[in-house]
1. Could you tell me the distance between the Cα centroids of the range 446-497 and the range 262-336, to the nearest Å?
2. Once the Cβ-Cβ distance between LYS224 and SER332 is put in as r, and R0 is 51 Å, what FRET efficiency do you end up with, to the nearest 0.05?
3. For LYS491, which lysines qualify as cross-link partners when the Cα separation must be under 28 Å and same-chain residues fewer than eight apart are set aside?
4. In the chain, which longest range has no trypsin sites (Lys or Arg not before Pro) that are both DSSP loop (not H, G, I, E or B) and surrounded by at most 14 other Cβ atoms within 10 Å?
5. First compute the accessible area of the range 325-372 with a 1.4 Å probe, then give the percent of it belonging to carbon and sulfur atoms.
6. If R₀ is 51 angstrom, what is the calculated FRET efficiency for the pair SER462 and LYS499, using the beta carbon separation as r and rounding to 0.05?
7. Using the Karplus curve 6.51 cos²θ - 1.76 cosθ + 1.60 with θ = phi - 60°, what ³J(HN,Hα) values do you get for each residue of the range 369-379, in whole Hz, with x for Gly and Pro?
8. Multiply the residue separation of LYS126 and VAL11 by 0.36 nm, subtract the distance between their alpha-carbon atoms, and state the gained length in nm to one decimal.
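The values are calculated or read from the model by the stated rules, or taken from the named source; none is laboratory data. As the structure is a computational prediction, the values presented were derived from the model and not from experiment. Because the Cβ atoms are built from the backbone with ideal geometry, glycine has one as well, and the counts that use them run over all protein chains shown. Please note that ligands, DNA and RNA were not included when accessible areas were found on the heavy atoms of the full protein model with its side chains. Shrake-Rupley method; radii C 1.70, N 1.55, O 1.52, S 1.80 Å.
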Amino acid sequence: MNFSQRKVGAVLSYLSIIINTLLTLAYTPIILNYLGDAEYGVYELTASLVAYLGLLSLGFGGAYIRFYYGYKVKNDDSGIRKLNGLFIIVFMFMAFIALFLGIILILNLDTILSGKLSIGEISLSKKLMSILVVNIFLTFPTSVFEAYITANEKFIFQKIIMLIRLILSPVLGIPLLMIGFKSVGLVIVTTLISFFALISNSYFAIKKLGMRFDFTSIDKKLLKAISVFSSFIFLTMITEQINWSVDKFVLGKFVGSLAVTSYAMGSIIYRAYQQLAASIVNVFVPQINRMVSNDESDMEITKLFAKISRIQMYVLMLFLLGFFAFGKFFISNIWLNKSYIESYYVALILMSASFLSLIQSIGIDIQRAKNLHRFAAIVFFIVAITNFFISIPLAIKFGPIGSALGTAITVTIGNGIIMNIYYYKRIGIDIFYYFKEILLVLRGMIPAILISLIIYKINIKSIYEFIGYIIAFVIFYCLTSWYLSMNKFEKDLVRKPIKSLINIIKNKYHSL
């Protein structure tokens, strides 16, 4: 049952990414048309600032699954109820703290954003932030129910809710844009969707999965253990927020709202790329925690680590090479226009720099499952602070591309070089076996890399040429990967669903 949930959950994850990407690509030009470049920049900047309030979860959300399985393997239902009660109390407390700090942030926004933004833009930012703070408040209790659903491996429900949320955004947002609500309408929609997520997740967790709470007594030892564990996840969260959000703040303060918009367009492409990695990792998190709780060997965990990384590599490399070859034409002639050419380089820099860390993203969950994530959190935090100081001069001199370069440098050092040494020295990952497996995949991708370099230099003249080249490139990539890279397990991931579909069609035909 859990294997089926993982399989269907992974398929729905990729489906949601495809839908999200298509909707984003279609929806973003509409938003830009109604808001204009400057207001869109203020909208993105405000959203990135409010996102820092989400850090007040202090990493508790990432701790839930590990502690849940500590009780689950012992069949300790009483312990799970106490764990649920403790998490709800902590998260509601943090929600009110976030609300309070959000109000303080709004009252001091003139000072924080003074610089390149106008008085009108700062005033708009205050309005947007007032609504987004409520949105953040709603996400705190929601995360507890989502963590419980994930721990129970009910991925199908989660992915369906994700799909509904994706579709609701433009369905509700476009009418509000059309009647003149502009960016205020967008944040209202975001908040309404968060409320929907809270209701649906809490109903499913409580009514369908039997989630129960024990508020009679707070286990201080448990709270202390969770706090110590979560404090280093908190550092990791700060790192991620700085690395991927600070650029907008730096650009907004030192360059201007138009630079934020240009960077934001590139980061939209990067987020789609990032989601490709996260989609498959999410369905394996419970399995990782179960393996660690059952004391399975480091070699078995290494094999799973390599297996997941290989699968991610096929998808992420296709996306990266495809964007390198076709992204400039796509942004300049189809999605936006030639004035957004900087967005192409922003996306390409971020995607290239994060490639290794994204195919290794399950490694963070391995560290947490083993309670060995402290060193990594500290390293990431130091590197993120360095990113902030590097990005300021680079942003002032090179604009959005400079900000992206600052992030790329720090991610390469922290997530790439240092983390792989740590995996080998401390986590117990056989890094030589791991990279042997990765290089076997890369072997089949070298021809596609060479072809992408040739296509990059070709002057594509029409959308028909664009589509034709993409189809040819994808077919070529799949063939070289199939014959030069894929092992039996990976080929079966492709063959079995096709065979099942053929059998279903045959049975339908014979039944007529």
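1. 17 Å
2. Numbers: r = 55 Å, r/R0 = 1.08.
FRET efficiency, LYS224 to SER332: 0.40.
3. Partners within reach: LYS7, LYS154, LYS159, LYS303, LYS307, LYS436, LYS499, LYS506, LYS508.
4. Working: sites that count: LYS74, ARG212, LYS461.
Value returned for the longest uninterrupted segment is 213-460.
5. Numbers: 850 of 1450 Å².
In the range 325-372, the share of accessible area belonging to carbon and sulfur is 59 percent.
6. On the way: r = 38 Å, r/R0 = 0.75.
Result of the calculation: an efficiency of 0.85.
7. Listing the rounded values in order: 4, 8, 6, 10, 9, 5, 4, 4, 4, 5, 4 Hz.
8. On the way: separation 115, 0.36 × 115 = 41.40 nm, distance 3.98 nm.
Extra length from LYS126 to VAL11 when fully extended: 37.4 nm.
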